[in-house]
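Data block below; observations after.
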Amino acid sequence: GCGRCEWLELLSEWGLQALGVDQDSGMLASCAELKLNFEQGDAITYLQALPGESQVIISAFHLVEHIPFDVLRVLTSEAMRVLKPGGLLIMETPNPENLVVATRQFYLDPTHQKPIPSELLAFVAEYAGFVRVKTVGLQEPKDLIGKIEITLADVFHGASPDYAVIAQKNADSDILTLFEEVFAQRYGLGQKELFERWDSCMNNRIQF
């Protein structure tokens, strides 16, 4: 699901040998203009044709919410098969923990099937055999991260509107150690934290 190839372009700038796959010819026109490597086709079919332990990273940005759950399970199991030891699977999707995303924005795209809670997507990766699974909140308002006095509107739309599950395949300890610091960090802004801040604000405003 490489879309207009923004991620593919960035990987290429970093010197990585990257290839995008997408079914949408209109989206892929941007890839052609940028002279990036891509193929038009189905992501699952492409994965199934790859040899085992041949890839370092497999990314699926805003793809999993478009496919049935059984296909999602195939995606994660095939990614597990074709990734090299220590390889990463990255799956980004709208975050239903954000109330505005869950109740309105998600349904603006009629090709979306259903919102996927982060706990479920993480479990699918764990079930496929990935040794490390990290949920990363994305795209939250930067000015809200350290804000103490929050409004009710902040509570409803302030949680990270997107999240990604990053799953790592098992490998020797010298490889896994390189990623420990990154996997240990906390990313994003959750609904629970916003509610706690709101409760704290309300309690502080109560006059006795």
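Observations on the model:
- Zone of D172's modelled label, taken as backbone nitrogen in region 47-90 under 20 Å from a point 7 Å along Cα→Cβ: 53-57, 83-88
- For region 1-49: span of alpha carbons on each principal axis (Å, largest first): 27, 22, 13
- Residue-span extension gain [E53 to E196] - 0.36 nm each, minus C-alpha spacing: 47.1 nm
- Enclosed volume per residue, in Å³, of the convex hull spanned by Cα atoms of region 71-186: 107 Å³
- Annotation: extensible slack from L19 through Q105 equals 28.0 nm (criterion: 0.36 nm per residue apart, minus Cα-Cα distance).
- You can think of it this way: the chain between A184 and E149 has 9.8 nm of extra reach, that is 0.36 nm per residue less the Cα-Cα gap.
- The angle separating the long axis of helix 191-205 from the principal Cα axis of greatest extent in the chain is about 10 degrees.
- Distant-in-sequence amide H partners of R132 (H built 1.01 Å from N, under 5 Å): Q168
- Here is the size of the chain from its Cα atoms: Rg then Dmax, 19.0, 69 Å.
- Between E39 and N203, the distance separating the two model label sites (each 7 Å from Cα on the Cα→Cβ line) works out to 5.7 nm.
- Mean projection of the Cα convex hull over all viewing directions, computed for region 41-93: 3.4 nm².
- Considering helices alone, the calculated mean residue ellipticity of the chain at 222 nm is -11000 deg cm²/dmol, with DSSP H runs of length four and up weighted by -39500 (n - 2.57) and normalised per residue.
- Take every Cα pair under 8 Å whose residues are at least 6 apart in sequence, average their separation, divide by the length of the chain, and the relative contact order is 18 percent.
- Where only alpha carbons of region 123-208 are counted, the Rg and the Dmax (Å): 17.4, 60
Here, each number is a calculation from the coordinates, and none is a lab measurement. Bear in mind the structure is a predicted one, so any value in this text is a computation, not a measurement. For neighbour counting, all protein chains shown are included, and Cβ atoms are generated from backbone atoms with ideal geometry for every residue, glycine included.
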